[in-house]
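Written out below as structure tokens is the structure these notes cover.
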Amino acid sequence: MSDKVYDPPKGLINPHIKNLDQYTLMYKQSIEDPKAFFGKEAITNLSWSEPFTGIHNDEFQESKWFEGGKLNIAFNCIDRHLSEHANKTALIWEGDESDQSKEISYFDLHKNVCKFSNILKDLGARKGSRICIYMPMIPEAAYAMLACARIGAIHSVVFGGFSPESLKDRILDADCSIVITADEGVRGGKTIPLKNNVDIALVNCPDVKHCLVIERTGKNAHWAEGRDVRYEEVFHTASDQCECEPMDSEDPFFVLYTSGSTGKPKGVMHTTGGYLLGAHLSFKYLFGYRAEDKYWCTADVGWITGHTYILYGPLSNAATSLMFEGIPTYPAPSRFWDVCDKHQISIFYTAPTALRALMAQGNEYVQRTSRKSLRLLGTVGEPINPEAWEWYYRVVGNASCQIIDTWWQTETGSVLISPIAGVTPVKPGSATLPFFGVKPELVDENGRVLEGENSGNLIITQSWPSQIRSIYGDHQRMIDTYFSTYQNNYFTGDGAKRDADGYFWITGRVDDVLNVSGHRLGTAEIESALVLHPKVAEAAKVIENSQRDINIAFVNELAKIFNLLDINTHDVLEAAGTKWNFLKFSPGLVGGHCIGVDPYYLTHKAQQAGYHSKVITSGRYVNDSMGFYIGKQTVKKILAKGKHIQDAKVLVMGATFKEDVSDIRNSKVIDIINELKSFQVKVDLVDPHASSTEMEHEYGVGLVSTPTNNYDAVIVAVNHKEYQKLSESDFEKMMNDDKGVFVDVKGIFKGKINRLEYWSL
């Protein structure tokens, strides 16, 4: 935690909030009398076709805002601006290649959205229809979303990097009747087979009546007559006039899925009036939006940040918003800053992950650009560490731009805790102060409120307009997930610290629990205790992840020893598990973002202080070597079967860093693949959750859609639930003969494989 405080730059004026005193007064009003505050804001900032008769129903988990009122989001984002801003640029599109860009005025946006709306209506879409959008970051993605809003259809946007399996699950859960996609996407100079992915998904989605296909690359794709529709063919004949559907304030607006780490994806549902007000006000006030601003949020519309802060927040304010198709490092790590110069961006909003990646490239790529147009820098998606914050401030912003570090969630709809541009003094790494109507509290695990300078679990104690209304199709799940832990309070799932100035510091998820001498300690509690020490500069899940790394390293080393002794490691661990104080860990690959970073970060900090770690670095060494070890053992097993290794072919099942997630960050499966390839082994990789595009981009290895039946070995590297259902006969069908080798990294098939050559850690 940093103890530095940075005042807003003197020249940064927020046109809507003059100073901290005005913020304090407005915040007090929003908490003490939210009906009066938000009623006034809703009338002042949004256009209603019918006035609301009630402002709030005084409920939290069954919250309703502005009942009786009717409005349309597309009207608020486009139509009402036409009288004064028809020729103003609404969207700037920056393509994957640096010579690709276009500007779309509000007039042109209106025409294109109307045409798109009429196309959807011709395909049978009506108010309440669910429409899946699986698109690259091209203007048509925005047209599609706004067209749904215009006709009252409920859009479910699925990130274009998701696999066919993930896409299928979301189409089925939302019961979509139409899918909108493109022939291909383009990202980082590589193509993404979007239409092909849709075709695979729709095999198991019989209720999808139409697939509307937009041309991005011109790639010929499979065509299902009667189902598939070429957008360009129907666009020319579609009318450019379409009336907006009046929507009740509490009518569903969109469903957006969050995967979480386990279980069925949650379809977070937001409604019309409250969501739009939250998006509008947060963009206006937090960013200090001015009419001449050119604003860029680097997110994808497949995420909530793209919904709220690429489209609905900026456009409802008649702003100019940039959509970016590419990645930060293509064609060079200066791409972000080149685009800022090219389009004279004044407000830039991105994720700390991207900043740390660019920071690692050095300052040269930043300093070769001007960036003089920038006046405000924002961060979103995760807490930013003070080192990255300082780099962002000093190198990117030339120490002249304020940074606003925003905290919020898919479920919250809009930002809940953040500095306000030109108003709030900031502390590197702190989310700072709550936004209007947001009443956060810190509680212990029993729900006891913790006052003053303290740390605990972060809850929100009263309703705000843009809060989640339901989990689509499973309202009880929404209540159980967010409102049952602390009765009738919204549990964020995050831990936080509040300092002496009332600033909030998000310390991370509290899902992981450590059992220490019979005491259950959340990792956030440990982190928060650490930040109380005046000499601790930053607290994160470093200790917990380092401990986990070392524990798994221990059992990984045991696995190597026991393999030499011809002893099954899992048998030993099962016997050890009968001891009361045994902490259960199993051998395997240790990936993931945190464990890939935190132990190294801890040892780096120790080294700076003059201590050279031996235990932690040894644990990291062992775990980093496991992928190569598994690859070598597989080669030995194939050779033992009398096969020529240069002719061998291996199927690797699983690419993510752990089971049942789509996250491929720091996946150690790639080490297995690289080791096999070093012996000239041909390798196929499958994964029902991972994105082939992301794998290609991150590791240069794509996924195959369907395994063949000619493998000399099969390696189950990740124990996805889909794989756990398979039998020995399923794996035998994948082998090219009866000398197949079956490698079970996590030992999930122990005792179930009798005919194949079986090996496990």
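Search region 147-166 for residues being modelled with pLDDT under 95 and in a helix (DSSP H, G or I), and hand back the single one that is nearest to the chain's Cα centre (by Cα).
This residue is Ser166.
Within region 261-268, is even one residue at pLDDT 95 or above and either surrounded by 14 or more Cβ atoms within 10 Å (Cβ to Cβ) or more than 27 Å from Ile327 (Cβ to Cβ) (or both)?
Yes, region 261-268 contains a residue that is at pLDDT 95 or above and either surrounded by 14 or more Cβ atoms within 10 Å (Cβ to Cβ) or more than 27 Å from Ile327 (Cβ to Cβ) (or both).
Only helices (runs of 4 or more DSSP H) wholly contained in region 17-101 count here; list those with 2 or more residues that are of a type in the set (Ser, Thr, Tyr). It would help to see each step written out before you state the result.
Numbers: elements: 20-32, 34-45, 73-77, 82-85.
Answer list for region 17-101: 20-32.
Here are Thr272, Thr258, Thr237, Thr298: which of them is more than 23 Å from Gly378 (Cβ to Cβ), β-branched (Val, Ile, Thr) and within 25 Å of the chain's Cα centre (by Cα)?
None of the other options fit; the residue is Thr272.
Which one of these does Gly456 not meet: (1) farther than 19 Å from His270 by Cα; (2) over 23 Å from the mean Cα position of the chain (by Cα); (3) assigned to a loop (DSSP other than H, G, I, E, B)?
It is condition (3) that Gly456 fails.
Residues that are assigned to a helix (DSSP H, G or I) and either within 30 Å of Leu277 (Cα to Cα) or under 19 Å from the mean Cα position of the chain (by Cα) (or both): does region 358-369 have at least one? Give the steps one after another, and end with the answer.
Filtering region 358-369 for residues assigned to a helix (DSSP H, G or I) gives 358-359, 364-367.
Checking the rest, the ones that are also either within 30 Å of Leu277 (Cα to Cα) or under 19 Å from the mean Cα position of the chain (by Cα) (or both) come to 358.
Yes, some residue in region 358-369 is assigned to a helix (DSSP H, G or I) and either within 30 Å of Leu277 (Cα to Cα) or under 19 Å from the mean Cα position of the chain (by Cα) (or both).
Is it the case that Gly702 is under 24 Å from Val555 (Cβ atoms), part of a loop (DSSP other than H, G, I, E, B) and not basic (Lys, Arg)? Steps first, please.
On the way: under 24 Å from Val555 (Cβ atoms): no; part of a loop (DSSP other than H, G, I, E, B): yes; not basic (Lys, Arg): yes.
When the stated conditions are applied, Gly702 does not pass them.
Within region 49-68, take every residue that is on the phi > 0 side of the Ramachandran plot and in contact with a Ser or Thr (Cβ under 7 Å, 6 or more places away or on another chain) and give me the one that is surrounded by the fewest Cβ atoms within 10 Å (Cβ to Cβ). Before you say what the answer is, go through the steps one by one.
Just the residues of region 49-68 that are on the phi > 0 side of the Ramachandran plot, to begin with: 58, 66, 68.
Within this subset, residues satisfying the condition of being in contact with a Ser or Thr (Cβ under 7 Å, 6 or more places away or on another chain) are 66, 68.
Numbers: Phe66: 29, Gly68: 14.
Step by step, filter region 49-68, then rank; the result is Gly68.
Tell me which residues, restricted to region 732-761, are under 34 Å from the mean Cα position of the chain (by Cα) and among the hydrophobic types (A, V, I, L, M, F, W, C). Talk me through it step by step, then tell me what you get.
Going residue by residue through region 732-761, those that are under 34 Å from the mean Cα position of the chain (by Cα) are 743-749, 760-761.
Within region 732-761, Val743, Val745, Ile748, Phe749, Leu761 meet the criteria.
Hey, any hits in region 589-599 for a residue that's closer than 25 Å to Glu675 by Cβ, assigned to a loop (DSSP other than H, G, I, E, B) and modelled with pLDDT of 70 or more?
Scanning region 589-599 turns up at least one residue that is closer than 25 Å to Glu675 by Cβ, assigned to a loop (DSSP other than H, G, I, E, B) and modelled with pLDDT of 70 or more.
Within region 358-407, count every residue that is of a type in the set (Lys, Arg) and in contact (Cβ under 8 Å) with a residue 40 or more places away in the chain.
Adding up the residues that qualify gives 1.
With in a loop (DSSP other than H, G, I, E, B) and basic (Lys, Arg) as the only criterion, which of Lys219, Lys195 stands out?
Lys219
So, in region 195-214, exactly how many residues are touching a Pro at 6+ places or on another chain (Cβ under 7 Å) and either surrounded by fewer than 22 Cβ atoms within 10 Å (Cβ to Cβ) or touching a residue at least 60 places away in the same chain (Cβ under 8 Å) (or both)?
2
The values are calculated or read from the model by the stated rules, or taken from the named source; none is laboratory data. In this text, all values refer to a predicted model and were calculated from it rather than measured experimentally. Quick reminder, even Gly has a Cβ in these numbers, built from the backbone with ideal geometry, and neighbours come from all protein chains shown.
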